[in-house]
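**Q** Attaching a single structure in structure tokens format; questions to follow.
The values are calculated or read from the model by the stated rules, or taken from the named source; none is laboratory data. Owing to the predicted nature of the structure, the values given are computational and were not obtained by experimental measurement. No Cβ is skipped: glycine too gets one built from the backbone with ideal geometry, and neighbour counts run over all protein chains shown. With ligands, DNA and RNA removed, areas are computed over all heavy atoms of the protein, side chains included. Shrake-Rupley method; radii C 1.70, N 1.55, O 1.52, S 1.80 Å.
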Amino acid sequence: MSQPPHPGRHRAHDHTPPARPPRPARPARPAGRGRRERRAVALLTSATAVLCGLIAAPATATTTTATATATGGDGHTAGELRERLERLVRTAGGPPGAIAVLQRGGKRHVVRAGVAELGTERQPRPTDHIRLASTAKMFSGAVSLRLVDQGRLRLDATIGEVLPHLPAAWHEVTLRQLLSHTSGLPDFSQSPEFVEFVTSDPRRVVDSRRLLDFVADEPLLFPPGTRYAYSNSDNITVALMAEAATGRRYEDLLRRLVNRPLALRDTSLPAGAALPEPYLHGYDVSSPDRPEDVSEAISASFSWASGGIVSTPADLNRFIRGYAGGRLVSDATRREQLTFVEGAASSPPGPGVNAGGLAIYRYTTRCGVVYGHTGNTPGYTQLAVATEDGKRSMTFSLTAQISERSPELLAQVRTVQEDFVCALLDDR
């Protein structure tokens, strides 16, 4: 992988899985790197350490208490919601910009604070491009579950059946376990070799289909199905299974099975580090007096199906309404999807008490229940949720990475997110 082939050279139309590639060679470290790339990679490394801690112990319920019987909301006005976002932006270590899109039926409301780019007065807009981070895992879930409905995949199909070239130690893992993060697959993004590889040239385009090479000689962390542990390797494997089942590239499957049915016109899975214009600039705010723009510091090919999708708040809102609302799958497949592992939290945890289903999380707040996913990556923090019928939805985007490594700030973010969920569910 020191000189990985371009993704376009993958044998996507060959139904026979390719021979397992050799373990990636450790690349030579270049003499110098740009400051913003170094800082972005430092953030990536910190996030990796957090995930490592999650895998080291069984997941437990988040500390926020909630009751599933509560209905309605807290009656937040638009001004009160805006003040909550502005307070978050003003907090030390907070994001330079924030935007939330709330939709109830055909009525959409946008709340924003801060700026889309430091040094300007431009406000964040629903049509600005953003990195979805791990909310992109819902997209790989959507692709695979649609293929289940088409009879091309089975939830109980194993890695050994679909991807026999992957390590034999992983062969008993099923698609269902990958989607629920109960597979036990070691997380490639925690590999020291992976971190070194990213650090050596963060903006390069690599063959994302070989990311699992970094952990190919490692056993499962636990017997499949016995525990919950969030792993980025799961969604890479899901995408590879979808490709093997159809003979089509994952990017093409996204367009055919998700983007077109939901009319997502500004959603894509790029290979490099560049973002389409206009975009919300994402920042490293670890030095509050000197925020660093890391929007385009790391190639999306390093995360691919686990977090590489680029979209807009408007498109993400359309997606979560369709995905959480069940528009993409049959009732039978949806029942399987909405079987939850209690206490399984997304990363970072979402509002309220978290539970994990198949590429979707249930967030039980003090005001009611919503379904969706969180995500964070250098420069961005995301939440996308909707009610079970898809009629009420919310996207919540921040232009800084806020994760478990900043527990007080994350707690503040989750509180604000819960306030917005309450406003979404308020019937008054």
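**Q** Could you give the distance between the Cα centres of the stretch 96-160 and the stretch 261-308, to the whole Å?
**A** Taking the Cα centre of each part, the stretch 96-160 and the stretch 261-308 sit 12 Å apart.
**Q** Could you list which residues have their amide H under 5 Å from that of residue 221, counting only those 5 or more apart in sequence or on another chain, with H placed in the peptide plane?
**A** Residues meeting the criterion, in which the H sits 1.01 Å from N, are 185.
**Q** I would also like to ask the following. Can you give me the distance in nm between label points at residue 277 and residue 260, each placed 7 Å from the Cα along the Cα-to-Cβ direction?
**A** Here the answer is 3.0 nm between the modelled labels.
**Q** Over the stretch 209-352, with the other protein chains present, what is the accessible area per residue in square angstrom, probe 1.4 angstrom? It would help to have the intermediate numbers written out before the result.
**A** Details: 4590 Å² over 144 residues.
Per-residue accessible area for the stretch 209-352 comes out at 32 Å².
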